[in-house]
Every structure is written in structure tokens, then in C-alpha cells.
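Report on the structure given below.
The values are calculated or read from the model by the stated rules, or taken from the named source; none is laboratory data. These figures come from a predicted structure and were not determined experimentally. Positions of Cβ are generated from backbone atoms using ideal geometry, with glycine treated the same way; all protein chains shown enter the neighbour counts.
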Amino acid sequence: MKIARRQRNTALITLTPLVDVMLILLVFFMVTSTYLDLDMMPMVERGENPDQIAPNSGTDGATTLLIQVNANGEARLRGQTLTPAALSEALRANPDARVLILPSGFADVQSLVSVIEAATAAGVTNLRVVRLEAAE
């Protein structure tokens, strides 16, 4: 006599709870994350000569310039690397401009101070340092 074994029921894994968890995580990270859109800041167009600053007006009509300070401490204005003296000379042509300084996370403080001193020596009065949030 042959005894028939009862076939084991295999547990079916449904994807519904997985999709629910992924949706909750997506919403959580979207709500808690910080968005930074550098395209929202009005910039000047890149040109060959940093002394000839082509104005790009913001909402109040003021020219806005972005100076990037990289990890080596070099300042970049309109795509060109400039020394502090050359940067001061380039900014002297437009002292009423709104200047945003964007330092790299790896730039040292002395290079940032050098850029700020060059801008103030050029007569810039509207100067701001923009800080990016560090990724954790």
C-alpha cells in the first residue's frame, strides 16, 4: 500500500507589501531631502575675457556673478581661473554687481578669505558666500 504524501504548500511572496514599503520610503526621502538648484540663481554668460562682464540681470536688474573656489584654492569667474589680483581687476569693472562665492567643500579657509579680500578691494559691496549642504 502506497501512502500519498500531502504536498507542502509553498508560501507565495506577494509584492504588494514591498511596493507599499518602497512608496513610503520614496515619500519619506523626498520630504526630508534638501534640494539645491543652482540654475535658479541668475548668472552671467561665459565669455573669453573676464574683464568684459556681460550683465545678466536678476529680478532687481543687478548683475550677478558667481565665483567658484575649487579644492586647490583657485578662483573661477565665468569659466576662467584667476589669481586674486586678476579677480580684483575683473570685478573692478562692475563694483555694483551682486557677487556669489561658491567654495568647494575641500577648499581651505585662506583661499576663501583671499577671494573675499579681492572682491572688497575691487569695491564690491553686495557679496555673499553660498554653502552647499554636505552629503552624509
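Okay, residues lined up against (1) at pLDDT below 85; (2) of a type in the set (A, V, I, L, M, F, W, C):
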| site | (1), (2) |
| --- | --- |
| PRO84 | yes, no |
| PRO95 | yes, no |
| ARG98 | no, no |
| LEU102 | no, yes |
| ALA107 | yes, yes |
| ALA118 | no, yes |
| ALA121 | no, yes |
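Could you check, for the stretch 128-135, whether at least one of its residues is without any contact (Cβ under 8 Å) to a residue 24 or more places away in the chain, closer than 30 Å to PHE29 by Cα and not polar (S, T, N, Q)?
The answer is yes; a qualifying residue exists.
Restrict the check to the stretch 70-82 and report whether at least one residue is polar (S, T, N, Q), closer than 18 Å to ALA118 by Cα, modelled with pLDDT of 80 or more and outside any strand (DSSP E or B).
Checked the stretch 70-82: at least one residue is polar (S, T, N, Q), closer than 18 Å to ALA118 by Cα, modelled with pLDDT of 80 or more and outside any strand (DSSP E or B).
Just name the residue that is farthest from the chain's Cα centre (by Cα) out of those in the stretch 1-23 that are part of a loop (DSSP other than H, G, I, E, B) and either surrounded by 10 or more Cβ atoms within 10 Å (Cβ to Cβ) or charged (D, E, K, R) (or both).
So, considering only residues that are part of a loop (DSSP other than H, G, I, E, B) and either surrounded by 10 or more Cβ atoms within 10 Å (Cβ to Cβ) or charged (D, E, K, R) (or both), the one farthest from the chain's Cα centre (by Cα) is LYS2.
Which number in (1) at pLDDT below 55; (2) surrounded by 10 or more Cβ atoms within 10 Å (Cβ to Cβ) marks the one condition that ASP60 misses?
Only one criterion is unmet by ASP60, namely (2).
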